[in-house]
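The values are calculated or read from the model by the stated rules, or taken from the named source; none is laboratory data. Keep in mind the model is a prediction, meaning the values are calculated, not measured. In this analysis, Cβ positions are derived from the backbone assuming ideal geometry, glycine residues included, and neighbour counts consider all displayed protein chains. Areas reflect the complete protein model, heavy atoms only, side chains present, ligands, DNA and RNA absent. Shrake-Rupley method; radii C 1.70, N 1.55, O 1.52, S 1.80 Å.
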Amino acid sequence: MKIIKNPLQIQKISIELMKKNKSIGLVPTMGALHLGHISLIKKSVSQNDITVVSIYVNPIQFGPNEDYKRYPRPIKDDIEICKKNGVDYLFLPTNETLYDNDFSTYVTVDKLSNMMCGVTRPIHFRGVATIVSKLFNMILPDRAYFGLKDYQQYTVIKQMVKDLNFKIKVIGCPIVREKNGLAMSSRNTYLSQEAKENASNIHKILVNAKKSFNSGKNIFSVIKEAGILLSKIENSEVDYIEARDSNTLQPVQTTSKKVVIAVAVKVQNIRLIDNILC
Ligand code: PAF
């Protein structure tokens with residue numbers, strides 16, 4: 001596995017690979033890799049000649065009072081995980097090489113970025129879309145892999161790829177969970193054992209909500225009841241619970257066929273997200 005830090009160098013390598021007709025899979029991450037990331041890496045390795053993982057804690061997707069500084073950065077462990085799982089290139093850029101002092105171009109995916117997580121994190125998806133476009137331009141992947149835990153992020157990226165004519169297939173991979181049901185997330189490391197147990201109720205509540213909806217219960221009552229249960233999780237504060245069309249993320253209609261129920265809940269003051277496709 002080669003570790004590359006310089007954007008121009010990774011771009012040069014990608015152009016050479018393209019000329020040799022090698023397919024490139026990209027797994028963009030912020031590190032603190034867990035089994036969820038490993039599932040993305042494995043998928044990419046199985047579908048492409050070359051797999052590139054990027055690890056970069058992207059400052060422009062964090063709000064002023066968010067956890068940019070505190071975000072876990074266990075780079076040695078991450079490097080070992082990448083090596084073990086068949087990654088060909090690990091891209092580790094720095095703030096200085098990605099954002100010049102005069103950096104001024106942002107990618108904004110309208111509408112999709114302002115709802116749900118975008119309400120409490122107004123600059124988040126602009127930061128994500130901007131860094132992912134930059135990674136796409138540097139790494140020139142055929143396929144890019146994203147976890148479906150960040151369902152809104154996945155939808156935003158798909159829209160961006162369509163709107164900006166990136167010739168890239170965006171692949172959403174299933175949520176990987178702890179044994180107790182808690183969705184894997186780098187931010188879980190902030191949680192105490194007790195908080196992890198409390199947070200595992202989020203998935204249980206979503207599973208029951210899906211069951212009620214699929215057995216014919218009105219989606220709005222389903223959401224209301226699930227919201228009440230979420231708010232009863234110890235030490236929790238519900239940011240939102242929403243039922244949306246899983247393709248468009250528009251509010252559900254009675255005619256909606258494919259529904260995603262998405263939530264953001266603070267447990268022990270750590271904001272967690274999860275969702276379930278119904
Ligand atoms: O999902 C993430 O880890 C990040 O939002 C991403 C896609 C790597 C962009 O920084």
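Yes or no: segment 163-171 includes at least one residue that is over 25 Å from K22 (Cβ atoms) and either out of contact with any Phe, Trp or Tyr (no Cβ under 9 Å at 6 or more places or on another chain) or open to solvent by less than 30 Å² (accessible area, probe 1.4 Å) (or both). Among the residues of segment 163-171, at least one is over 25 Å from K22 (Cβ atoms) and either out of contact with any Phe, Trp or Tyr (no Cβ under 9 Å at 6 or more places or on another chain) or open to solvent by less than 30 Å² (accessible area, probe 1.4 Å) (or both), which makes the answer yes.
Residue check: is S246 over 26 Å from the mean Cα position of the chain (by Cα) and open to solvent by less than 50 Å² (accessible area, probe 1.4 Å)? Considered against the rule, which asks whether it is over 26 Å from the mean Cα position of the chain (by Cα) and open to solvent by less than 50 Å² (accessible area, probe 1.4 Å), S246 comes out as no.
Residues are listed down the side, and each one gets a yes or a no for (1) under 19 Å from M160 (Cβ atoms); (2) hydrophobic (A, V, I, L, M, F, W, C); (3) out of contact with any helix residue (DSSP H, G or I) (no Cβ under 9 Å at 6 or more places or on another chain):
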| residue | (1), (2), (3) |
| --- | --- |
| T51 | no, no, no |
| Q61 | yes, no, no |
| R70 | no, no, no |
| R73 | no, no, yes |
| C82 | no, yes, no |
| G86 | no, no, no |
| E96 | no, no, yes |
| S104 | yes, no, yes |
| S113 | yes, no, no |
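Taking every residue in segment 144-158 that is more than 9 Å from the ligand (Cβ to nearest atom) and pairing it with any residue that is polar (S, T, N, Q), at least 6 positions away or on another chain, the pairs with Cβ-Cβ distances below 7 Å are Y145/S44; Y151/N275; V156/S113. Any idea which of (1) open to solvent by less than 10 Å² (accessible area, probe 1.4 Å); (2) farther than 20 Å from Y240 by Cα is the one R143 doesn't satisfy? R143 satisfies every listed condition except (1).
Only residues that are open to solvent by 50 Å² or more (accessible area, probe 1.4 Å) and away from the ligand (no atom under 16 Å from the Cβ) were counted in segment 172-206, giving 9. Of all residues in segment 8-55, those satisfying the criterion of being in contact (Cβ under 8 Å) with a residue 40 or more places away in the chain, closer than 22 Å to D100 by Cβ and open to solvent by less than 20 Å² (accessible area, probe 1.4 Å) are I10, S14, S54. Restricting Y71, Y106 to those that are among the hydroxyl-bearing types (S, T, Y), crowded, with 17+ Cβ neighbours inside 10 Å and either in a loop (DSSP other than H, G, I, E, B) or more than 12 Å from the ligand (Cβ to nearest atom) (or both) reduces the list to Y71. The set of residues in segment 82-92 that are in contact (Cβ under 8 Å) with a residue 60 or more places away in the chain and either open to solvent by 30 Å² or more (accessible area, probe 1.4 Å) or over 19 Å from the mean Cα position of the chain (by Cα) (or both) comprises K83, V87, D88, Y89. Being more than 23 Å from K69 (Cα to Cα), surrounded by 14 or more Cβ atoms within 10 Å (Cβ to Cβ) and within 15 Å of the ligand (Cβ to nearest atom) holds for only one residue in L112, L98, L135, and it is L112. Exactly one residue among K5, K76, K84 is in contact with a Pro (Cβ under 8 Å, 6 or more places away or on another chain) and of a type in the set (K, R), and that residue is K5. Among the residues of segment 115-132, those that are within 12 Å of the ligand (Cβ to nearest atom), part of a helix (DSSP H, G or I) and open to solvent by less than 50 Å² (accessible area, probe 1.4 Å) comprise C117, H124, F125, G127, V128, A129, T130, I131, V132. When F125, F136, F62 are checked against the criterion of being touching a Leu at 6+ places or on another chain (Cβ under 8 Å) and under 28 Å from E242 (Cα atoms), a single residue qualifies: F125.
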